[in-house]
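The values are calculated or read from the model by the stated rules, or taken from the named source; none is laboratory data. This structure is a prediction, so every number in the text was calculated from the model and none was measured. All Cβ positions, glycine included, derive from the backbone under ideal geometry; neighbour counts span all protein chains shown. Remember, those area values only see protein heavy atoms, side chains included, never the ligands or the DNA or RNA. Shrake-Rupley method; radii C 1.70, N 1.55, O 1.52, S 1.80 Å.
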Amino acid sequence: MTIDFSRFIGIPFKNRGRSFDGVDCYGLVCLVYKEILGIDLPSFEELAYDKRWFLRGENIILDNTYEGWYKVTPPYRIFDGILLYLNCREVVNHIGLYIGRNRILHIFFDSTSIIESLDKYRSDIYLAMRYSKTEEKLCHM
């Protein structure tokens, strides 16, 4: 199965954004899951976090992605969430979506969404996780 992720490239950063008008890193994962798989992930839009929450030692991603997610190990599969330490070794502060062929779709603050090689971030990986309803949806595509 080949999935075209190109429509998710170039989306602008928007803190707590969950649409093509703007997303943060978790919002991008939510948008892809909704648009491709028809799965509404918990959005966490109600959480009052700013774009540099990790500098205060907060762990927004890990503290809020437990419901419906489970840990996976390599080899990664399409739609796995890759949790990373970026610019801060004390807090997991970034999530990208594994899209196959050793690539991740992700977005940094004050940027636009991009696809990059996962190799660039291998040393920053904390863990990978998969949403529990992913397989069921993929079987029906």
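Is it true that some residue in the stretch 110-118 is assigned to a loop (DSSP other than H, G, I, E, B), within 22 Å of Gly22 (Cβ to Cβ) and open to solvent by less than 30 Å² (accessible area, probe 1.4 Å)? I'd like the intermediate steps shown before the answer.
Filtering the stretch 110-118 down to residues assigned to a loop (DSSP other than H, G, I, E, B) leaves 110-111, 113.
Going one step further and asking which of them are within 22 Å of Gly22 (Cβ to Cβ), we end up with 110-111, 113.
Cutting the leftovers down to open to solvent by less than 30 Å² (accessible area, probe 1.4 Å) gives us 113.
Yes, the conditions are met somewhere in the stretch 110-118.
Would you point out the residue of the stretch 21-59, among those that are aliphatic (A, V, I, L, M) and modelled with pLDDT under 70, that is least open to solvent (accessible area, probe 1.4 Å)?
Residue satisfying both the conditions and the ranking: Leu47.
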Kindly indicate whether Leu105 is at negative phi, assigned to a strand (DSSP E or B), of a type in the set (A, V, I, L, M, F, W, C) and surrounded by 15 or more Cβ atoms within 10 Å (Cβ to Cβ).
yes
I'm trying to understand the selection: among the residues of the stretch 70-80, which are in contact with a Leu (Cβ under 7 Å, 6 or more places away or on another chain) and either open to solvent by 100 Å² or more (accessible area, probe 1.4 Å) or at pLDDT below 95 (or both)?
Lys71
Report yes if Leu62 is of a type in the set (A, V, I, L, M), modelled with pLDDT under 95 and part of a loop (DSSP other than H, G, I, E, B), otherwise no.
no
